[in-house]
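Enquirer: Pasting a structure below so you can have a look.
Laboratory data are not the source of any read-out in this text; all were calculated from the coordinates shown. What you see is a predicted model; the values in this text were computed from it and never measured. Neighbour counts run over all protein chains shown; Cβ positions are idealised from the backbone, glycine included.
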2 protein chains.
Amino acid sequence: MSTASEDIYLQAAKYLVPSLNVNKHKGQNGRIGIIGGSVEYTGAPFYAGMSALRTGADLAYVFCYREAATAIKSYSPELIVQPYLDLECAFELIEPWLDRLHVILIGPGLGRDSHILNGPVTSIINYCKINSKPLIIDADGLYLVSENPELLSNCSKVILTPNVMEFSRLVKKFLNKSIDPSADIKDEQVKELADKIGPNAIVLLKGKSDIISSNAVSIRCSVSGSGRRCGGQGDLLSGSLSVLTWWAQQNNASLSKFLEENNLTTLDADMLACYAASRLIRETNAFTFTENHRGMLASDMLNCLSNNFYKILEVD
Amino acid sequence: MSTASEDIYLQAAKYLVPSLNVNKHKGQNGRIGIIGGSVEYTGAPFYAGMSALRTGADLAYVFCYREAATAIKSYSPELIVQPYLDLECAFELIEPWLDRLHVILIGPGLGRDSHILNGPVTSIINYCKINSKPLIIDADGLYLVSENPELLSNCSKVILTPNVMEFSRLVKKFLNKSIDPSADIKDEQVKELADKIGPNAIVLLKGKSDIISSNAVSIRCSVSGSGRRCGGQGDLLSGSLSVLTWWAQQNNASLSKFLEENNLTTLDADMLACYAASRLIRETNAFTFTENHRGMLASDMLNCLSNNFYKILEVD
């Protein structure tokens, strides 16, 4: 698929972006919760949270290990960082905050401590299922659901954002199939995984092209970034996706009309949120690379994110 | 009320701004104390303190929880951060500092721990009342006074800066009336609350227009910002207001003359300090938005604050 043919998705995705007007109060454009930040990892939840804010969320909360909190807080005063994830009563402390959050992103810098994954993180996923809260699962969150596929049964909305290694582990555990991570993945393989997870699941497979698939349809985002693969870029994607996913939950008659007029009714707002996030991060990578070259870092991309959003997704 | 008709308030507010001259010593233009910064929140007191400094205060002190201190210190070396608020002897440790501070701002990132609110924070408010120290109350400080309306009786000077949800809680507790937060609030409702609190109280209600009211008069700041509602903007307002309030305490014959000449004698310096802070933050929002668009954050606004102050409030 050529890049030009993707522009219709970008046009459609613009309908997701809510108007900025003075009658709205703080929070309405997005309160995002991020579950991650551990003894080992503190950068990932920072990138995810800041990416949500720079995409247009009003507030971003990070729920992390006690030991990770001061470092994450110190990166930026913008994030609200709650150091509860490894306390005995973690879920009891976190639960009251979940209700007011619009989308929960599980995984950036989460680590693989089984007590944390099987304890509070599992409780948070179950809370989101019961309360129809959209979930985005990335990184070590994908490890958790690979080990416990039943965790995702009956989700009202879940988006998984694996890279190819994480994808092959998911395929192994959900479909009991082996795939060769070095071979080109086909759209049909991504669709098969999404279908197995459920009717409300989307898989966004990151790669040379990103493949975005529900059980009904697959699309690709093939706009090229640069060859630079700096750490943190996946966190920027999942963070940006979290707020776009919130926007996709709104009733949107204009979008439905646009999709009908363009014979794109197999797509929906959630698929377009994935496309928008993928395109935004890939274009931001390409743009930032022209300024920072081989030494480009995720922080550089973060600095360019809001202007790139304005350039490609803002409605004039 | 049109924005043009507000320009007389801006002209008047310029009389508050003290001259910068070499005979003054450090501190005279403002030593501000901020009570806030908790386990959950560290960004808010940073924004408030930095906003005070960027508006022109000489020194800003933050009195916070022990666990919050390192993060707040890490955001900037400009703030003097005292990690005493949750110690057993908190008030004893904080009291010696209060005497040299000009204005105390209570609430940014304070949290709602009842031991802290009913312990040292209540003691600090009582100290300010006994010692005629101007108080500004925002955020969780408003929660505290909503729960204990008698705390504000006999204040020599107190300014409350609620948003509409905080305002409706105050109205419930002070006036035993219910209001619909989604309806437009009328000037008279704000004046009624200010009147109930006392003759030295001002309420600055933040909203689509900001309504500023004493028991005598109401004015509005209607200059539009942008539709972007990022977290921290309220903290920028209360921080900026804290130093303007200190300036408003000076004898000011030129201001009195200007108010008389323009038939504005129902206004006073404190009301104009509120107007100036409100206008400064709204104009800074609008200006910063043109550069950062939807991804604009409070840190971006902070970076533009002193230039915007220069543009709209500095006397040439």
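Enquirer: Going by a ≥ b ≥ c, the root eigenvalues of the Cα gyration tensor, does region A:36-174 fall in the rounded group (a/c under 1.5), the prolate group (a/b larger than b/c) or the oblate group?
Expert: Cα axes put region A:36-174 in the rounded bin.
Enquirer: Another one. Based on DSSP, what percent of beta bridges with both residues in region B:4-312 are antiparallel, to the nearest 5?
Expert: Of those bridges, close to 25 percent are antiparallel.
Enquirer: Mind jotting down the distance between the C-alpha centroids of region B:37-69 and region A:183-201, whole Å?
Expert: Centre-to-centre distance over Cα atoms comes out at 49 Å.
Enquirer: Can I ask one more? How big is the dipole moment of the protein assembly as shown about its Cα centre under a simple scheme where the beta carbon of each Lys and Arg is +1, that of each Asp and Glu is -1, and everything else is neutral? Debye, nearest 20, please.
Expert: It comes to approximately 440 debye.
Enquirer: Rank A:K177, A:K157, A:K133 by mean-square fluctuation in a GNM of chain A with C-alpha springs under 10 angstrom and give only the top-ranked residue.
Expert: Of A:K177, A:K157, A:K133, the most mobile in the Gaussian network model is A:K177.
Enquirer: How much net charge surrounds B:W246 when only other residues with a Cβ under 13 Å from its Cβ are counted (Lys, Arg +1; Asp, Glu -1)?
Expert: After counting each charged neighbour, the total is +2.
Enquirer: Among the DSSP beta bridges whose two residues both lie in the protein assembly as shown, what percent are antiparallel, rounded to the nearest 5?
Expert: Bridges in the protein assembly as shown are about 25 percent antiparallel.
Enquirer: List, in order, the whole-Hz ³J(HN,Hα) value for each residue of region B:241-256 obtained from phi through the Karplus relation with A = 6.51, B = -1.76, C = 1.60 and θ = phi - 60°; use x for Gly and Pro.
Expert: Those phi angles translate into 4, 4, 6, 4, 5, 4, 4, 5, 7, 6, 4, 8, 5, 4, 5, 4 Hz.
Enquirer: Sum up the charges of everything whose Cβ sits under 15 Å from the Cβ of B:M301, counting Lys and Arg as +1 and Asp and Glu as -1, but leave B:M301 out.
Expert: +4
Enquirer: Which of B:V39, B:A60, B:N29 sits farthest toward the positive end of the charge dipole of region B:27-109, with +1 on the Cβ of Lys and Arg and -1 on the Cβ of Asp and Glu?
Expert: B:N29
Enquirer: Binned at 10 Å from 0, what are the whole-percent values of the Cα-Cα distance distribution for region B:162-253, short to long?
Expert: In order of increasing distance, the bins hold 15, 45, 33, 7, 0 percent.
Enquirer: Could you give the size of the charge dipole of chain B about its Cα centre, using +1 on the Cβ of each K and R and -1 on the Cβ of each D and E, expressed in debye and rounded to the nearest 20?
Expert: 220 debye
Enquirer: Here's a follow-up. Just round it to a whole percent: the fraction of Cα-Cα distances in chain A exceeding 28 Å.
Expert: 34 percent
Enquirer: I would also like to ask the following. Which one, A:L59, A:L93, A:L272, has the greatest fluctuation when you compute a Gaussian network model over chain A with C-alpha springs under 10 angstrom?
Expert: A:L93
Enquirer: Here's another thing I want to ask about it. If you average the sequence gap of Cα pairs under 8 Å that are 6 or more apart and divide by the length of region A:95-182, what percent do you get for the contact order?
Expert: Computed value for region A:95-182: 27 percent relative contact order.
Enquirer: Quick one: Cα centre-to-centre distance for region B:73-99 and region B:210-285, in angstrom?
Expert: Cα centroid to Cα centroid, the span is 28 Å.
Enquirer: Suppose we consider the axis relating copy A to copy B; can you name the residue of A with the nearest Cβ and state that distance in angstrom as an integer?
Expert: Rotation axis A onto B, closest Cβ, rounded to whole Å: A:S74, 3.
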